[in-house]
Each structure stands twice: as C-alpha cells, then as structure tokens.
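The values are calculated or read from the model by the stated rules, or taken from the named source; none is laboratory data. What you see is a predicted model, and the numbers here were worked out from it, not measured in a lab. Heads up, the Cβs are rebuilt from the backbone with ideal geometry, glycines too, and the neighbour counts pull from every protein chain shown.
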Protein chains: 2
Amino acid sequence: MDKQYSEDSRQFVPETMSNMRFAVLVLGHGEMGRSMEHLLSGRHALTFWERNLEDGSENIPLEQAAAQKDFVIFALPALPHAELAERIQAHISDHCICLSIAKGMDEQGRTPAAVLGGVLGPAGRFGMIYGPMIAEEVRAGHPGFAELGTTQSDVYERTRELFAGAPLYLRHNTDVIGVSWAVILKNVYVPLLGAAEEAGLGDNARGFLATAALEEMARIIESRGGRRETAYSLAGLGDLVTTATSTGSHHRQVGRDLVHCAPGDTCGTGMNVHSEGIHSLNMVQRFGLLDLESFPLLRLVRDIVNEPRDVAAKFRPFLDASFADAASRNTRD
Amino acid sequence: MDKQYSEDSRQFVPETMSNMRFAVLVLGHGEMGRSMEHLLSGRHALTFWERNLEDGSENIPLEQAAAQKDFVIFALPALPHAELAERIQAHISDHCICLSIAKGMDEQGRTPAAVLGGVLGPAGRFGMIYGPMIAEEVRAGHPGFAELGTTQSDVYERTRELFAGAPLYLRHNTDVIGVSWAVILKNVYVPLLGAAEEAGLGDNARGFLATAALEEMARIIESRGGRRETAYSLAGLGDLVTTATSTGSHHRQVGRDLVHCAPGDTCGTGMNVHSEGIHSLNMVQRFGLLDLESFPLLRLVRDIVNEPRDVAAKFRPFLDASFADAASRNTRD
C-alpha cells in the first residue's frame, strides 16, 4: 500500500527544477506539521519547533531556531500566529520567508495574513498556502494544489523552489485578502453542505449550495477589498469541492454531526472548539466584521449551529428567499 | 420509503403561488419525460408524445397535439430537436412556450437553444432548464435547481407558474448562450473527474480539476459570445458539482469505466453512443467549433477517450503545463 502510494507520488510531482537546499523552521508538528515534513524532508534541512500544550514547555528556543532560516512555516492554527511572529520578528534574516497554511481566524478576528503583514511590516516577506491539500491525502502521496497568496513575485518563485520535487502544485495569487477570506469561509460553508447531505436534501442540493456559497463568498471577498474571482480559485472553489466531498473531511463531518444533535445537547458549543469554520463565524459576529444581514448563507450556518434541530426545515426559508430574490431581481431589470 | 420522500418533497417546494392550469405537451417519455411527469402531474393537463425507436411509429399525431398547448417540453436528447421543432412550428399558438432540458448537441453541432431559436425565429418563446436536477433524485422527491435560460422575462414568469407547487427551484438567466455551453461542457468534464477519481489521483485532485474545468468553461463561454460568470451558475458549477459527486451519476461512471478499458477495447467508440459529453466533444471537433489548442482540458478528455490507457499518467503533462503556465503568466506581469 505504502509502496503504491509512493509510486503515485513520484508520478505527480510538478516539473519545477531546483537544487536549492534550504534551512526551514516548521512551527508545529501536529497534522499540518507532519504534512510539511512529508513534502519537504530529504531535500531540505528541517527543524521543528513545538510547544507542549499541557505544560507550555517548548522543545527548542524559538528565537534562536528562527535566526538562520530561509523559511519559517506556520503549520499550526491561526490563534498563536501573532505571538510567534512577534517573537521571531527581530531574529529572522532579511531574506527569510514566512509561510502559513492556517485557515482560520485568531481570537481577535484577524486572518493569519493580516497578522503576518502587521508584524512583519510593509517589506515583510510572507505567503499563504491555500487550496485542496488535505493532510491525510498529502501524507498518502496524493498531490496537493494551492494558491500561494503573496504580493511579491520573488516570494512566489522562492517558495516554488522550496517545494520543487514535492507533490504540491502551486500557483501565484496576488490577492492575499481574497485567498485569506476564501479559505476561512470555505470552512464555514462546508459544514453546511455536510448538514444538508445528512439531512437528506439530496445530491442536487449539494450543487446548489456550492453555487450559492461561492456566490456569497465572492461578495464577501469584494466587501473586504479582495477580488470576486478569487472565490473561484483553488483557495475557494477548489478547497470547498474537495473538503465538501471527501469522506475523511473533518469539516464535512462537523456538519453531519449537527443534524443528530438532540435538544438540550451542547452541540453548538462543542462545535466551537473543534471547528475552525464555526470559530471564524463567531469571530465575524463578535467583531462585527461582516453585516450578516447581507449574507443569508452565513446566517443559516449561525442558525443551525445555535439551534441544531430540524436542520432540514431550516433550509426551506433560505431556499425560498434565494429564489424569490432571483425573481424580483430580474423583474426589476 | 415513498411516503417519506413524498413528505420531503412537500417540504422543499418553492413558495411561488399559482392557480394556473396549463395544457402541456411533453415530448418523450423516457427518464427525462418521467421527471417532468413527476414535477407537473396533478396540477396540469399533460399529454405525452413519444416515438417507438424500433419501428418509428408515434403514439399520437404530433402536430395536432401541439396545436392547443400552453407549453411544449422537449424532454428528449438534442438530436431530434430540429425535426420536432420544425414539425410543430406552424401549429403551436403564439403564446405557446417551448422548453428544453436537453444537455447535448445535435448531429450538426448545434445546441438545443440554437435549434429552437433558429426554428421559432426572433419572436419565438422558448427557455432552457439547466442545473442540478438528476432525474432519479427528482423522482425520489428531492428538490431540483436550475437556471431558466431565456431572454424574455415573461417566458420566465410563465414558466415559474408552470412549476409552481413542484420541488424545482428556478431562477432567470438571460445568457442563453452561456447556460447552453455550460451544461454541454459539464458533461464533457465530469467524465474526466470520474476518471481521475478511479485512477486514484485523490480528493485534492477533484477540487483542482473542478476549478480548472470551470476556468476553461468560462473562457469557452466567453469565446462563444456568452458571459464568463455563467460558468459559475447552477447550469455550470452547480450541475458539475452534483454530477461529479453523485454516486448514481451516469456521466461520472462513464469516466470511471474509461480507466478500466483494456488495450484494443473499443471503449472510446462505445462511449460515443452512451455519453452526451463525448458526443459533444466529437461535434466540437468535427465542426471546428472551438480551437482545442486553447483548451487543454478538452484536449485531455479527447486524449483519454481516444486512448484510454495509463489514464493516471495522462494527467501529468496537463498538470505540469497548467502550473508552468501559471508561473510564466505571473512572471510576465
């Protein structure tokens, strides 16, 4: 089995050539960190920094480890991004590139890109790797696909050299705001698709909900200053399709579980802990980042999470409103 | 089981109100015709016209049956659209609306919309119903979702009245060219996603291929005079997601079967008969409708159909070219 996957992985490696050997610090050695290890080990010098969640102890001194690195990869959730970026900021070299694969928001409602941009400053070299690259799949040797969100083309070129020889297909996207919101929102919408599936709405509804989610995502990205079309990139559409239809997807399962929440259960609360998407939606509400009145699909997720009962019935008013709007929109033309 | 589905279907019926009872002629009583029967019977007076495929005999005189109808629904493949439209053209009343749900091309490489537009003339009242509405799902009581492609808003309003009370959510799309090419192309791309799945490319590849297919679809629609964004409507994105991920999907299975084609088998030829998508691709080539040099994903489908061996390996040059292009595109910026 492993051998077969390994052959597959040799088959699906981008043509990018590079003999560069980089010094890389990977922050976090959980599921995401091990994916990075799988993609990079053997070609680069990898150092892993991690923190014991129970006693807070760290395996190596972070500042010292960051000092001589070509890359620092944030392979952990959004939450500790600011603290860690601030700690390493004065220690990393000018040419060092910070990469993040975190798809959530921190406790202040900031995207990882906003955090890195804020800490590293206008000349800061950083990029976001967002797209369909499910950890289990990558570790099994299947190719991953992502937009590298960065305004700097040399950061893109350098990052391609980093992943040369690895089964990860990267393309450049200068809309950092767009890719950031795309992956965050995809984790909000995927549980909704999972819930619809479990509630028995059928396969046609999956296609409709994907369409509606991406239309709303495009409007949200635009309202945040990004480009509408980024919703339809690998970071939005690509990741949404993969996550919504992968049998092993955690985010899909979150939605399926909601349907079986009994009255009185704390499913909604419990989900907050385990789902980046639901956490992001909470942050959106707490900090008033988006006007939920304008975004009915986000409201539907909120309603299902807050009151996970009669999930199928909750879709009905959303459907009616969606298609009533479409009718009146055209009547007004 | 039936009872439960029936309750589901009452739950998912658009709010549209109408007491209109229409006289409807349905052309064809196969899978598509029976879907229409399921959606419309009980509220309207339905007449079914059908032709015995073995001896060519027709159950009722077509011209006479079309004469007093409010709607004629073409619930059969693209192939006989021109012949049937020409036969009824002089007999239908001025207010009669022709609707088609056919998602292929005829033997002259024409879309059903082009055929209806050509035969009925500039004042012709017609609309195309395209979106996720898998026949088995609709007959099982699950809701369907579609764009009604028509330039005339009164055709849209009238068609909504026709389907009032049925679990079919319709919205208006004036880009008739766009929705026509969207559904045709989705039947070309879905077998490719099925083949990738069966060839073991993994879940990440599904998200990437959906993204790439829709990007190419948007460019093709634009090159044919439609609107790019129609690729991301229910007729494109919505139908593609549903069909590519539905376990019962015929088009998905076509692609999966290709992977197991042994050398010397006539799988490619055989597929022509059974797959609207492969037929459309053949028409595109025969009539030079698109420059395949500009559309690498269509070329990939062609190559896999023509030579269904080592399917997984065939994806590799496509992937390399896709991401090499992305790099050079950005370098040129």
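Based on what the data block shows, is A:LEU53 surrounded by fewer than 14 Cβ atoms within 10 Å (Cβ to Cβ) and away from chain B (no Cβ under 14 Å)? Judged against the criteria, A:LEU53 is a match.
Name the one entry in B:GLY141, B:GLY165, B:GLY104, B:GLY124 that is more than 11 Å from every other protein chain (Cβ to nearest Cβ), assigned to a loop (DSSP other than H, G, I, E, B) and at positive phi. Spell out the reasoning first.
Numbers: B:GLY141 fails: more than 11 Å from every other protein chain (Cβ to nearest Cβ); B:GLY104 fails: at positive phi; B:GLY124 fails: at positive phi.
Residue meeting the stated conditions: B:GLY165.
Against the list (1) under 21 Å from the mean Cα position of the chain (by Cα); (2) away from every other protein chain (no Cβ under 14 Å); (3) at pLDDT below 90; (4) not in a helix (DSSP H, G or I), the condition B:GLY264 fails is (1).
Yes/no per residue for (1) of a type in the set (Phe, Trp, Tyr); (2) more than 8 Å from chain A (Cβ to nearest Cβ); (3) more than 17 Å from B:THR230 (Cβ to Cβ); (4) in a loop (DSSP other than H, G, I, E, B):
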{"residue": "B:GLU137", "(1), (2), (3), (4)": "no, no, yes, no"}
{"residue": "B:LEU148", "(1), (2), (3), (4)": "no, yes, no, no"}
{"residue": "B:VAL155", "(1), (2), (3), (4)": "no, yes, yes, no"}
{"residue": "B:ARG160", "(1), (2), (3), (4)": "no, no, yes, no"}
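Checking each residue in segment B:10-40 for being within 23 Å of the chain's Cα centre (by Cα) and hydroxyl-bearing (Ser, Thr, Tyr) picks out only B:SER35.
Test of understanding: among B:VAL119, B:VAL115, B:VAL72, which residue is touching a helix residue (DSSP H, G or I) at 6+ places or on another chain (Cβ under 7 Å) and either outside the structural domain of B:GLY33 (by TED's automatic domain parsing) or in a strand (DSSP E or B) (or both)?
Working: B:VAL119 fails: either outside the structural domain of B:GLY33 (by TED's automatic domain parsing) or in a strand (DSSP E or B) (or both); B:VAL115 fails: either outside the structural domain of B:GLY33 (by TED's automatic domain parsing) or in a strand (DSSP E or B) (or both).
From the options B:VAL119, B:VAL115, B:VAL72, the qualifying one is B:VAL72.
Evaluated against (1) outside any helix (DSSP H, G or I); (2) under 14 Å from the mean Cα position of the chain (by Cα), A:CYS98 falls short on exactly one condition, (2). Just one residue in the set A:ILE134, A:ILE129 is within 20 Å of A:HIS29 (Cβ to Cβ) and modelled with pLDDT of 95 or more; that residue is A:ILE129.
Yes or no: A:ALA244 in contact with a helix residue (DSSP H, G or I) (Cβ under 7 Å, 6 or more places away or on another chain), hydrophobic (A, V, I, L, M, F, W, C) and modelled with pLDDT of 95 or more? Here the answer is no, as A:ALA244 does not meet what is asked.
Residue-wise test of (1) modelled with pLDDT of 95 or more; (2) under 21 Å from A:ALA114 (Cβ atoms); (3) not aliphatic (A, V, I, L, M).
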{"residue": "A:VAL273", "(1), (2), (3)": "no, no, no"}
{"residue": "A:ASN282", "(1), (2), (3)": "no, yes, yes"}
{"residue": "A:LEU298", "(1), (2), (3)": "yes, yes, no"}
{"residue": "A:ALA312", "(1), (2), (3)": "no, no, no"}
{"residue": "A:ASP325", "(1), (2), (3)": "no, no, yes"}
{"residue": "A:SER328", "(1), (2), (3)": "no, no, yes"}
{"residue": "A:THR331", "(1), (2), (3)": "no, no, yes"}
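In summary, B:LEU84 fulfils each of the numbered conditions (1) in a helix (DSSP H, G or I); (2) surrounded by fewer than 24 Cβ atoms within 10 Å (Cβ to Cβ); (3) in contact with a Pro (Cβ under 9 Å, 6 or more places away or on another chain) with the single exception of condition (3).
With respect to (1) free of Cβ contacts under 8 Å to residues at least 24 places away in the same chain; (2) within 30 Å of B:LEU170 (Cα to Cα), the lone exception for A:SER153 is condition (2).
Here is a check on your reading of the model: is A:GLY277 modelled with pLDDT under 85, away from chain B (no Cβ under 14 Å), surrounded by 21 or more Cβ atoms within 10 Å (Cβ to Cβ) and assigned to a helix (DSSP H, G or I)? Don't jump to the end; show me each part of the working.
Numbers: modelled with pLDDT under 85: no; away from chain B (no Cβ under 14 Å): yes; surrounded by 21 or more Cβ atoms within 10 Å (Cβ to Cβ): yes; assigned to a helix (DSSP H, G or I): yes.
In short, no.
Annotation note: of A:PHE126, A:PHE145, the sole residue that is in contact (Cβ under 8 Å) with a residue 40 or more places away in the chain, crowded, with 21+ Cβ neighbours inside 10 Å, more than 30 Å from A:ALA313 (Cα to Cα) and of a type in the set (Phe, Trp, Tyr) is A:PHE145.
Among the residues in segment B:227-234, are any free of Cβ contacts under 8 Å to residues at least 60 places away in the same chain and more than 24 Å from A:PHE323 (Cβ to Cβ)? No, because not a single residue in segment B:227-234 is free of Cβ contacts under 8 Å to residues at least 60 places away in the same chain and more than 24 Å from A:PHE323 (Cβ to Cβ). When restricted to residues that are within 14 Å of the chain's Cα centre (by Cα) and within 13 Å of chain A (Cβ to nearest Cβ), segment B:180-203 contains 5. For segment A:210-255, taking the residues that are more than 9 Å from every other protein chain (Cβ to nearest Cβ) and under 30 Å from B:ALA140 (Cα atoms), the one that is surrounded by the most Cβ atoms within 10 Å (Cβ to Cβ) is identified as A:GLY255.
Let me confirm something: among A:ARG171, A:ARG206, which residue is touching a strand residue (DSSP E or B) at 6+ places or on another chain (Cβ under 8 Å) and either within 10 Å of chain B (Cβ to nearest Cβ) or not in a loop (DSSP other than H, G, I, E, B) (or both)? The unique qualifying residue is A:ARG171. Checked against the criterion of being within 24 Å of A:GLY124 (Cβ to Cβ), among the charged types (D, E, K, R) and without any contact (Cβ under 8 Å) to a residue 24 or more places away in the chain, the candidates A:GLU37, A:GLU15, A:GLU63, A:GLU58 yield just one match: A:GLU58.
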